[in-house]
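Undergrad: Structure below; questions to follow.
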């Protein structure tokens, strides 16, 4: 628990936003047209600062230590390489930083343009940004609980009444006017830090909203990149199937001519027709997925489906980043928005324990009023018109049927739940990074293996076609070679796409580089409320 016993130490306890709020309040009061000294304001603010410098009940939040564990038991080695699109070897840079525009590493101008548009126009991100502004303004408004409330009040009363009732009846009193102008100050002394704990909790919830917005930003950019890669993969699969279909139709034409000449059986032609039909039947499903992925990209960019995408993506237009950063485990808890949001929720839960504890302790309130009262505006501030009042109150909860005790126990349970959720979030984040790193190693091996399989299948198909034409093999051998080549082509495209998708997933798993954006730089306000008052 922090203790501050001097007025000077209160300077560091006041946040810049609190100082600004107080300046605005006092500037407004200074325009009040009455010869009231500012000494009452200085005294009130100084008293509040002394109380702010005191201790607050409840636990002081301490950030959880970063876990000492790593992501992998074995050291990371460079991945395998293949001579194909998306087959470059990738190396890992331990302790490397993630750029805030990590998607530019794919070197696709069309992708960069689409992401810029999505960041500006996506409704979900705009909603998250608006929620953050709301939380920030709520925090600023709540900072007023740390300071006295100062109000100027003017009353005008016109009244007629009767005097005492004597033997001759009621005695009429002429109508009269009373004009009162006063400055009223009220303040709840925060001896036990309840107000400070409330504000601490609100600050933490605002921080949580901030990182929820960063998570929405990261989710948006990730979804755009993954959708673009998915569209490129689907279009590549579509092109591969179309090429295979063209070869199969050519083979079907050859078989029909051979049937006319009596060189093959009709069963062979029917079998090839079935193979052509089966390949053609796969096209509509892929075409539907390509269209739906395009609609998804438009929606992510804040557009409607009847708009046209500026470009369609293909794997050949994407460059696979060859050097990948891998943050240190201690950095990951600073970088992941979900971890930071969980930490902020834990901080808020800790502060709520202090609030619940303070609710069980005495509360002291002070009220003061200073002004003037007269029968006319002309004499309102004349000699003998001054009025003032001082009052103090103390409230000590005595018996609430166990309500306050159980409320505090509930906040302790909520803190335990938030702590468990935080730990679960950290474990999940480390698992996420470990899974992606493992996937990147396996993806490279898969591309290499699928490339070898595709080339072997292409050679096998060529040999089977020549052998069948010479009568050395049956048609079933040719048909099997066609199917094997078709499967190998599609599998190679899927393996290539997985490398791009998992590379994007690594940048996301490491936090997305939000901390490097220029808008994350926080201005430091070193002004002091005491300088303003003096």
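The values are calculated or read from the model by the stated rules, or taken from the named source; none is laboratory data. Bear in mind that the values here come from a model prediction, so they are computed numbers and not experimental data. Ideal geometry is used to build each Cβ from the backbone, glycine not excepted, and the neighbour counts take in all protein chains shown.
Undergrad: Residues of region 291-310 being surrounded by 15 or more Cβ atoms within 10 Å (Cβ to Cβ) and in a loop (DSSP other than H, G, I, E, B), which ones?
TA: Within region 291-310, 301, 302, 303, 309 qualify.
Residues are listed down the side, and each one gets a yes or a no for (1) modelled with pLDDT of 90 or more; (2) in contact with a helix residue (DSSP H, G or I) (Cβ under 6 Å, 6 or more places away or on another chain); (3) surrounded by fewer than 20 Cβ atoms within 10 Å (Cβ to Cβ):
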| residue | (1), (2), (3) |
| --- | --- |
| 160 | no, no, yes |
| 166 | no, no, yes |
| 169 | no, no, yes |
| 174 | no, no, yes |
| 183 | yes, no, no |
| 186 | yes, no, yes |
| 197 | yes, yes, no |
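Undergrad: Here's something else I'd like to know. Filter region 468-477 down to the residues that are without any contact (Cβ under 8 Å) to a residue 60 or more places away in the chain, assigned to a helix (DSSP H, G or I) and crowded, with 17+ Cβ neighbours inside 10 Å and list them by number.
TA: Answer for region 468-477, where residues must be without any contact (Cβ under 8 Å) to a residue 60 or more places away in the chain, assigned to a helix (DSSP H, G or I) and crowded, with 17+ Cβ neighbours inside 10 Å: just 468.
Quick grid of which residues meet (1) more than 18 Å from residue 296 (Cβ to Cβ); (2) in contact with a strand residue (DSSP E or B) (Cβ under 6 Å, 6 or more places away or on another chain); (3) surrounded by 14 or more Cβ atoms within 10 Å (Cβ to Cβ):
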{"position": "76", "(1), (2), (3)": "yes, yes, yes"}
{"position": "95", "(1), (2), (3)": "yes, no, no"}
{"position": "98", "(1), (2), (3)": "yes, yes, yes"}
{"position": "111", "(1), (2), (3)": "no, no, yes"}
{"position": "116", "(1), (2), (3)": "no, no, no"}
{"position": "124", "(1), (2), (3)": "no, no, yes"}
{"position": "134", "(1), (2), (3)": "yes, no, no"}
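Undergrad: Taking the stated definitions as given, is residue 434 at pLDDT below 95 and buried (at least 22 other Cβ atoms within 10 Å of the Cβ)?
TA: no
Undergrad: Which residue, of 352, 454, is touching a residue at least 40 places away in the same chain (Cβ under 8 Å), surrounded by 12 or more Cβ atoms within 10 Å (Cβ to Cβ) and part of a helix (DSSP H, G or I)?
TA: Matching residue, one of 352, 454: 352.
Undergrad: Examine region 316-329 for a residue that is part of a helix (DSSP H, G or I), buried (at least 20 other Cβ atoms within 10 Å of the Cβ) and either at negative phi or modelled with pLDDT of 90 or more (or both), and state whether such a residue exists.
TA: no
Undergrad: Could I ask something else about it? Take region 257-277 and flag every residue that is modelled with pLDDT of 90 or more and surrounded by 13 or more Cβ atoms within 10 Å (Cβ to Cβ).
TA: Across region 257-277, the qualifying residues are 273, 276.
Undergrad: For region 114-126, which positions are in contact with a helix residue (DSSP H, G or I) (Cβ under 8 Å, 6 or more places away or on another chain) and without any contact (Cβ under 8 Å) to a residue 60 or more places away in the chain?
TA: none
Undergrad: So, one more: Return yes or no: is residue 446 crowded, with 19+ Cβ neighbours inside 10 Å and farther than 23 Å from residue 242 by Cα?
TA: It is true that residue 446 is crowded, with 19+ Cβ neighbours inside 10 Å and farther than 23 Å from residue 242 by Cα.
Undergrad: So is residue 465 part of a helix (DSSP H, G or I) and at pLDDT below 90 or not?
TA: Yes, satisfied.
Here's the yes/no breakdown for (1) buried (at least 17 other Cβ atoms within 10 Å of the Cβ); (2) modelled with pLDDT of 90 or more; (3) within 26 Å of the chain's Cα centre (by Cα); (4) not in a loop (DSSP other than H, G, I, E, B):
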position	(1), (2), (3), (4)
9	no, no, no, yes
54	yes, no, no, no
59	no, yes, no, no
84	yes, no, no, no
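Undergrad: I've got another one for you. Does region 495-510 contain at least one residue that is within 26 Å of residue 233 (Cβ to Cβ), in a loop (DSSP other than H, G, I, E, B) and either touching a strand residue (DSSP E or B) at 6+ places or on another chain (Cβ under 9 Å) or touching a residue at least 24 places away in the same chain (Cβ under 8 Å) (or both)?
TA: Within region 495-510, one or more residues are within 26 Å of residue 233 (Cβ to Cβ), in a loop (DSSP other than H, G, I, E, B) and either touching a strand residue (DSSP E or B) at 6+ places or on another chain (Cβ under 9 Å) or touching a residue at least 24 places away in the same chain (Cβ under 8 Å) (or both).
Undergrad: Filter region 364-398 for residues that are out of contact with any strand residue (DSSP E or B) (no Cβ under 6 Å at 6 or more places or on another chain), modelled with pLDDT under 90 and farther than 16 Å from residue 178 by Cβ and give the result.
TA: Hit for region 364-398 is 383, nothing else.
Undergrad: Still on this structure: Could you give me the residue pairs with C-beta distances under 7 Å whose first residue belongs to region 358-379 and is at negative phi and touching a residue at least 60 places away in the same chain (Cβ under 8 Å), whose second residue is assigned to a loop (DSSP other than H, G, I, E, B) and loosely packed, with under 15 Cβ neighbours inside 10 Å wherever it lies, and which are 6+ apart or on separate chains?
TA: Close Cβ pairs satisfying both conditions: 362/396; 374/382.
Undergrad: Ok, one more. If residue 285 meets every condition in (1) under 34 Å from the mean Cα position of the chain (by Cα); (2) surrounded by fewer than 15 Cβ atoms within 10 Å (Cβ to Cβ) apart from one, which number is that one?
TA: (1)
Undergrad: Next up: When region 83-113 is examined, which residues are found to be closer than 15 Å to residue 507 by Cβ and free of Cβ contacts under 8 Å to residues at least 24 places away in the same chain?
TA: Across region 83-113, the qualifying residues are 104, 112.
Undergrad: Could you check, for region 412-426, whether at least one of its residues is surrounded by fewer than 12 Cβ atoms within 10 Å (Cβ to Cβ) and touching a strand residue (DSSP E or B) at 6+ places or on another chain (Cβ under 6 Å)?
TA: Scanning region 412-426 turns up no residue that is surrounded by fewer than 12 Cβ atoms within 10 Å (Cβ to Cβ) and touching a strand residue (DSSP E or B) at 6+ places or on another chain (Cβ under 6 Å).
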